[in-house]
1. Can you list the strands (runs of 3 or more DSSP E) found entirely within the range 1-79 that contain at least 2 residues being free of Cβ contacts under 8 Å to residues at least 24 places away in the same chain and touching a helix residue (DSSP H, G or I) at 6+ places or on another chain (Cβ under 8 Å)?
2. So which residues in the range 43-65 are among the hydrophobic types (A, V, I, L, M, F, W, C), under 16 Å from G9 (Cβ atoms) and open to solvent by 20 Å² or more (accessible area, probe 1.4 Å), if there are any at all?
3. Can you pull out every residue in the range 95-135 that is assigned to a strand (DSSP E or B) and either of a type outside the set (A, V, I, L, M, F, W, C) or touching a residue at least 60 places away in the same chain (Cβ under 8 Å) (or both)?
4. On the given criteria, is E112 among the acidic types (D, E) and crowded, with 24+ Cβ neighbours inside 10 Å?
5. I'd like the full set of residues that are closer than 17 Å to R84 by Cβ and either open to solvent by less than 10 Å² (accessible area, probe 1.4 Å) or of a type outside the set (K, R) (or both), limited to the range 150-163.
6. Suppose we filter the range 169-194 for residues that are part of a loop (DSSP other than H, G, I, E, B) and either of a type in the set (D, E) or surrounded by fewer than 18 Cβ atoms within 10 Å (Cβ to Cβ) (or both); how many remain?
7. Take residues that are charged (D, E, K, R) and surrounded by fewer than 19 Cβ atoms within 10 Å (Cβ to Cβ) and tell me which of the strands (runs of 3 or more DSSP E) falling wholly in the range 196-307 contain 1 or more.
8. Go through the range 141-168 and report how many residues are aliphatic (A, V, I, L, M), assigned to a helix (DSSP H, G or I) and either modelled with pLDDT of 95 or more or within 18 Å of R296 (Cα to Cα) (or both).
Amino acid sequence: MRLGVLDVGSNTVHLLVVDAHEGAVPLPQVSDKAVLRLMRYLTPDGAITEEGVLAIIAAVQNAANVAKQHNIDELLPFATSALRDATNGPELLARVERETGVALQVLSGEDESRLTFLAVRRWYGWSAGNILLFDIGGGSLEIASGANEIPDVAVSLPLGAGRSTVGFLHNDPPLPEEVTALREHAARVLADAVSAFSGEPEPHHIVGSSKTIRSLARLAGSTQDGVGSLDRILLRRSQLNDWVPRLARIPADARPALPGITADRTFQIVAGGIVLGEAMSAFDATALEVSPWALREGIILRYLDRL
């Protein structure tokens, strides 16, 4: 079966077309992405402006057209924190469906965390034992922990890379006092969240997923032999903390010259690095492994499980 997964996030509208069947690895066939950076379109009261609404509609319509061209059997469209938190979110969703025919399912923060955890568990397998997961999106940071496919604890925090950039890093490159303010804010939010994990056993694997973490790992991480033909990518906190101040001194338009930093993440990669560093510090994580699977794969796996 050919599935299309349409992810309307805070930074991008991303369509991934995969060939999948029960018991097999979903094989990506087509990827189509529009960079929106929706945090730019927020009004002071938290609504998405008309310009932002039109950008979403155009991107969703284009994705629907691409999906149709590739003869998908089912489209799995979902939206995350940008639409979930927008004060005009319900009206926007109704308008998107009316004008494009695509009915977006809005995931809660905990749903995002659980589905991403499912994907990571399947990637690493049962032998991985207890997993602690960090996933940084544009609008939120998800943290989950557990030894099964459903995490024992899953939280969503308003510390996404895009949200943190808009809220704190107003200059390009950001001023030192802006970086300090974001670091202190992230530390306070994470300190409140850590208590939810106090009863969890020590993790056997600490894992990071999402494009932001993969980008940071390609820049600052290292590789080791993994299971099978793929290398295992590691990102140490010391490596991350060494690179983030350097990134913060480089203008956004110059960052894509660095390994792993793509144009669609260049504006928010500094905030993502700050938040990830504080998350690793809060949970006393000296290093994390990088998962190639994340939320989109979790959506696919859950769909196949329900067939």
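The values are calculated or read from the model by the stated rules, or taken from the named source; none is laboratory data. Because the structure is predicted, anything quoted here is derived from the model rather than measured. Positions of Cβ are backbone-derived with ideal geometry, glycine not excepted, and every protein chain shown enters the neighbour counts. When the accessible area is computed, the model is the full protein with side chains, heavy atoms only, and any ligands, DNA or RNA have been set aside. Shrake-Rupley method; radii C 1.70, N 1.55, O 1.52, S 1.80 Å.
1. Numbers: elements: 2-8, 12-19, 27-35, 74-79.
Because the criterion is at least 2 residues that are free of Cβ contacts under 8 Å to residues at least 24 places away in the same chain and touching a helix residue (DSSP H, G or I) at 6+ places or on another chain (Cβ under 8 Å), no strands (runs of 3 or more DSSP E) in the range 1-79 meet it.
2. Within the range 43-65, A55, A58 meet the criteria.
3. In the first step, residues of the range 95-135 are kept if they are assigned to a strand (DSSP E or B); the result is 105-106, 131-135.
If the condition is that a residue be assigned to a strand (DSSP E or B) and either of a type outside the set (A, V, I, L, M, F, W, C) or touching a residue at least 60 places away in the same chain (Cβ under 8 Å) (or both), then Q105, I131, L132, L133, F134, D135 are the ones that fit.
4. Numbers: among the acidic types (D, E): yes; crowded, with 24+ Cβ neighbours inside 10 Å: yes.
Criteria met by E112.
5. Initially, the range 150-163 is screened for residues closer than 17 Å to R84 by Cβ, giving 154-163.
Passing the criteria: A154, V155, S156, L157, P158, L159, G160, A161, G162.
6. Here is the first cut: in the range 169-194, the residues part of a loop (DSSP other than H, G, I, E, B) are 169-175.
Then drop every residue that is not either of a type in the set (D, E) or surrounded by fewer than 18 Cβ atoms within 10 Å (Cβ to Cβ) (or both), which leaves 170-173, 175.
Summing the residues that are part of a loop (DSSP other than H, G, I, E, B) and either of a type in the set (D, E) or surrounded by fewer than 18 Cβ atoms within 10 Å (Cβ to Cβ) (or both) in the range 169-194 gives 5.
7. Details: elements: 205-209, 222-225, 231-236, 287-290.
It comes to 222-225, 231-236.
8. Kept after step one, since they are aliphatic (A, V, I, L, M), are these residues of the range 141-168: 141, 143-144, 147, 150, 153-155, 157, 159, 161, 166.
Filter once more, so that each one left must be assigned to a helix (DSSP H, G or I): 161, 166.
Retained after the next criterion (residues that are either modelled with pLDDT of 95 or more or within 18 Å of R296 (Cα to Cα) (or both)): 161.
Qualifying residue count, the range 141-168: 1.
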